[in-house]
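J.: Can you keep this structure in mind? I'll have questions shortly.
The values are calculated or read from the model by the stated rules, or taken from the named source; none is laboratory data. Since this is a predicted model, take the numbers as computed values, not measurements. Don't worry about glycine lacking a Cβ; one is built from the backbone with ideal geometry, like all the others, and counts go over all protein chains shown. To get the accessible areas, we keep the full protein, side chains included, count just its heavy atoms, and leave off ligands, DNA and RNA. Shrake-Rupley method; radii C 1.70, N 1.55, O 1.52, S 1.80 Å.
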Amino acid sequence: MTDDISSSGEKRPALIPATPPGIQRAAELLRAGRLVAFPTETVYGLGGDATDDRAVAAIFAAKGRPQFNPLIAHLPDLATAQRWAIFDDRAYELAQQFWPGPLTMVLPRPANSALSLLVSAGLDSVAIRVPGHPLAQALLKAAGTPIAAPSANRSGAVSPTTPHHVLESLGERVDGIVTGGKCQVGLESTVIDLTGPEPVILRPGAVLPEEMERLIGKIRVSAGDPTAPKAPGQLESHYAPSASVRLNAPSAEADEAFLTFGPDRFVFGGSTRLNLSLQSDLNEAAANLFSHLRQLDQSGAPRIAVMPIPDEGLGVAINDRLRRAAAPRP
């Protein structure tokens, strides 16, 4: 398989089919230090060999990502993950219950770890996850190395949930894209910090605090420190479209695109409107969030008005992404 060349002569990433030979091709690229985007159940990740300093540096360069912002290392199973991070009883309980799945744990990093220090942004901790998507699982097993994989988009922009989103955002900055269709969850993983005596949620996601509290006791929720993040998704401005975002809008102005939720009974003055879920289903809303933001952003409207989303269950994670999308841009 070779890279595609556009009509303008620009190199395009190889579109790699979601087949066993395709997975082997993607694994070969990763072992060669190249960057490969692939689907997880949450969003598409921009993968690079987490033990290769140059590959990890290439991830930061491709995304335009600040190098103080750590990456998540992805592994195929708990047994493998235990070779790359230090697990206590809490981490083991959570892994047994929620892996494979949309949960990332920030754990102490072993002193002799072969992971690139860039993955941890120089910290003595590492963010680690076992994804549940079958293509991600197959790729991780075929690659045989931890894969660092932030969302496959330019830093701070709307996260990708389809191969087209990756191509649109990164273009020639990625060497291959495993074409696995639309991501099921649509929001990045929950991140919990277990490096101290008190468990702390650093980023909300599909695994809810109350689900984890049944196993490990009280958990604190924190937005973290955007100037010194311990995990991805903690920057104040993140997941942002080009258009500015106005939250908790009961209606839209004439020049605004409108992102709605629930039954259509709200006044609308703009020309473009998309509904996250007519049935008020937060799971459907989460799966549609980033793709709908992208479509509204492409409408040409200077602003996107967003209806209120219930701040409960998965709505907490949706509102976290929306607040960061609406934050002042750096």
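J.: Looking only at segment 127-165, which residues are open to solvent by 10 Å² or more (accessible area, probe 1.4 Å), hydroxyl-bearing (Ser, Thr, Tyr) and under 17 Å from Val178 (Cα atoms)?
T.: Hits for segment 127-165 are Ser151, Thr162.
J.: While we're on this one: Looking at (1) in contact with a helix residue (DSSP H, G or I) (Cβ under 6 Å, 6 or more places away or on another chain); (2) open to solvent by 40 Å² or more (accessible area, probe 1.4 Å), which one does Pro108 not meet, given that it meets all the others?
T.: Every condition holds for Pro108 apart from (1).
J.: Looking only at helices (runs of 4 or more DSSP H) that fall completely inside segment 47-111, which ones have 3 or more residues that are in contact with a Leu (Cβ under 9 Å, 6 or more places away or on another chain)?
T.: Fully inside segment 47-111 and qualifying: 53-63, 89-98.
J.: Of the numbered conditions (1) on the phi > 0 side of the Ramachandran plot; (2) buried (at least 18 other Cβ atoms within 10 Å of the Cβ), Gly122 satisfies every one except a single condition; which is it?
T.: (2)
J.: Do you know which residues across segment 220-238 are at pLDDT 75 or above and either among the β-branched types (Val, Ile, Thr) or open to solvent by 60 Å² or more (accessible area, probe 1.4 Å) (or both)?
T.: Arg220, Val221
J.: Look through segment 239-258, keep the residues that are acidic (Asp, Glu) and open to solvent by less than 80 Å² (accessible area, probe 1.4 Å), and return whichever of them is modelled with the lowest pLDDT.
T.: Narrowing segment 239-258 to residues acidic (Asp, Glu): 253, 255-256.
Now narrow it down to the ones that are open to solvent by less than 80 Å² (accessible area, probe 1.4 Å): 255-256.
Numbers: Asp255: 90, Glu256: 93.
In this case the residue turns out to be Asp255.
J.: A follow-up question, please. Collect the residues in segment 108-164 that are closer than 25 Å to Phe290 by Cα and among the charged types (D, E, K, R), keeping them in residue-number order.
T.: Arg129, Arg154 - these are the residues of segment 108-164 that are closer than 25 Å to Phe290 by Cα and among the charged types (D, E, K, R).
J.: Can you find even one residue in segment 94-114 that is touching a strand residue (DSSP E or B) at 6+ places or on another chain (Cβ under 6 Å) and small (Gly, Ala, Ser)?
T.: Checked segment 94-114: no residue is touching a strand residue (DSSP E or B) at 6+ places or on another chain (Cβ under 6 Å) and small (Gly, Ala, Ser).
J.: Would you confirm whether or not segment 259-282 contains a residue that is in a helix (DSSP H, G or I) and either at positive phi or of a type in the set (A, V, I, L, M, F, W, C) (or both)?
T.: Yes - at least one qualifying residue is present in segment 259-282.
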